[in-house]
Amino acid sequence: MKAPDISTHTASHFDTATETLLNPSNLDLPALQNVLGNVMSHKVDYADLYFQYSRAESWGLEEGQVKSGNFSIDQGVGVRAVSGEKTAFAYSDDINLPALQQAANATKAIADAGQERTAPAIERISAPQLYIPQDPIASLSADAKVKLLERLESFARKIDPRITQVMASIAGEYEVVMVARHDGLMAADVRPLVRLSINVIAESNGRREQGSAGGGGRFDYAYFTDEVLQDYAEKAVHQALVNLDARPAPAGNMTVVLGAGWPGILLHEAIGHGLEGDFNRKGSSAFAGKIGQRVASKGVTVVDDGTISNRRGSLNIDDEGNPTERTVLIEDGILRGYIQDSLNSRLMGMPLTGNARRESYAHIPMPRMTNTYMLNGDMPPEEIIRSVKKGLYAANFGGGQVDITSGKFVFSAAEAYMIEDGKITYPVKGATLIGNGPDVLTRVSMIGNDMNLDPGVGTCGKEGQSVPVGVGQPTLRIDGLTVGGTV
């Protein structure tokens, strides 16, 4: 099913944000201007107010019954002032003028007193409309959400009798944000987000294996038609049944072929974090100081794009009120830029890229990825497989970890196969990929023409903050990657 068309939607983000965040506390634009003027009475380079209202829910079904259900409402405002490299931040879960004034007074402590300055008149900017500003939680009744999960379970159980357990969950979020800045800019966004997941366990001859699938994006629950549910069920069951027949994975240095789509999580973790501005400004990234230099094989082009309609990682505006962008990070193997927020772009003298993100009003923003992926090459994926005498095909990934400073990573393959004489032969279990992100980029020898984005399941963690993201890539051949296995 295609995501909803947003081209004709005309609802005002500002109207929604004003009604939700400001009107209940009788706040108006002059009041916000006065608060920002109070902060700017000290020598600060940047200041902003970040208002947020969010509703979130989740439902979990196991053994045919709803075993968990959560619903939460949260709102608040964060006040931030930046002076040089120093940041002062205060927040309140009460949105009212006294709380704003108290938070503003707290943030002035980082800077010396300056001349009295009046914040410029606030100017509203229009943001793009990458998704419909709707409330997904209200798009289905509670009974309909439970029935949706029951149908998903039923689809999975009907595929194969070896499926003995099915766990399914659905989650939705409705978020309204407003940003007011010291330079007079004011922006707002209304952000829907949904996700559906399924986990199955298959049993045969005393062996138990699991498989998982799911997806989502910035739309409502209507996206999850029976056709979509059937697709998720089939993918989860397929993965579990493949693993039932899997042999122990071999270990050693070998050619590895990565599948298209979700395996781009390796790109995100091993390379994407190293391209975030804060790590490079501090010199702690393996990519620091290398703009204009070759850091990857020819043909490797990596972009971060927050402007793709309805995608989980996309945003109309970042959390500083700037429109998101499509930023080319690596072009044909040459490092072209970093992912930036306002603080790091200012201190590094580099362009702002609209990548300031924060988990909530209670957190400071940082440069973070949105949808990060590698562009297509020109090789059909079957030709890439045929080129491998002996190696590993990693079709899907589980968890992984990376050291930003060194670039070293370890990833586990959730679904993998051996390649022998140019053919995929048998599935293997327990394969882990071990390597160094910058080094892996130089070992890419073939790039497929089948670039695909993940189905909408990614969440990225950094310094204790989690935000939704997207990843993607075409099929890739990587020469000489270390595989940790069981034999």
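The values are calculated or read from the model by the stated rules, or taken from the named source; none is laboratory data. Because the structure is a prediction, the values reported are computed rather than measured. Reconstructed Cβ throughout: ideal geometry from the backbone, glycine too, with neighbour counts over all protein chains shown. Note: accessible area is taken over every heavy atom of the protein model, side chains too, but ligands, DNA and RNA are not part of it. Shrake-Rupley method; radii C 1.70, N 1.55, O 1.52, S 1.80 Å.
Brief remarks on what is shown
- Accessible area of segment 23-100 belonging to carbon and sulfur atoms, whole % at 1.4 Å probe: 43 percent
- Net charge of Cβ neighbours under 9 Å - reference residue 335; Lys, Arg +1; Asp, Glu -1: +2
- Taking Cα atoms only, the orientation of helix 97-107 departs from the longest principal axis of the chain by about 80 degrees.
- A Förster distance of 30 Å, applied to the separation of the beta-carbon atoms of residue 201 and residue 390, puts the FRET efficiency at 0.40.
- Accessible surface of segment 218-337, 1.4 Å probe: 47 percent of it comes from carbon and sulfur atoms.
- Inter-label distance for residue 19 and residue 164, nm, one decimal - labels placed 7 Å from Cα along Cα-to-Cβ: 5.3 nm
- Residue-span extension gain [residue 401 to residue 34] - 0.36 nm each, minus C-alpha spacing: 127.6 nm
- Summarising the amide proton neighbourhood of residue 450: residues at separation of 5 or more, or on other chains, whose placed amide H is nearer than 5 Å comprise 377, 475.
- Radius of gyration over Kirkwood radius for segment 209-286, both on Cα atoms: the Rg/Rh ratio is 1.12.
- Here the peptides 366-376, 143-153 are ranked by packing, the mean other Cβ count within 10 Å, and the order with the highest first is 366-376, 143-153.
- Spin-label pair residue 85/residue 226, simplified geometry with 7 Å Cα→Cβ offset, distance in nm: 6.1 nm
- Environment charge at residue 448 (Cβ cut-off 14 Å; Lys +1, Arg +1, Asp -1, Glu -1): -2
- Helix 29-39 axis versus longest C-alpha principal axis of the chain: approximately 90°, rounded to the nearest ten.
- Over segment 384-487, relative contact order from alpha-carbon pairs under 8 Å, at least 6 apart, %: 25 percent
- FRET efficiency, 1/(1 + (r/R0)^6) with R0 60 Å, evaluated for residue 293 and residue 96 via beta carbons: 0.70
- J(HN,Hα) series, segment 386-401, from Karplus relation 6.51 cos²θ - 1.76 cosθ + 1.60, nearest Hz, glycine and proline x: 5, 7, 9, 6, 8, x, 10, 10, 9, 7, 8, 10, x, x, x, 8
- Under the Debye formula (equal points on every Cα, no solvent term), log10 I(q)/I(0) of segment 13-111 at q = 0.10, 0.20, 0.23, 0.24 Å⁻¹: -0.37, -0.94, -1.13, -1.19
- Relative contact order (%) - criterion: Cα under 8 Å, at least six apart; region: the chain: 16 percent
- Projecting label points 7 angstrom from Cα along Cα→Cβ for residue 350 and residue 26 puts them 4.8 nm apart.
- Modelled FRET efficiency - R0 25 Å, residue 147 with residue 73, Cβ distances, 0.05 increments: 0.50
- Principal-axis tilt of helix 226-244 within the chain, Cα atoms, nearest 10 degrees: 50 degrees
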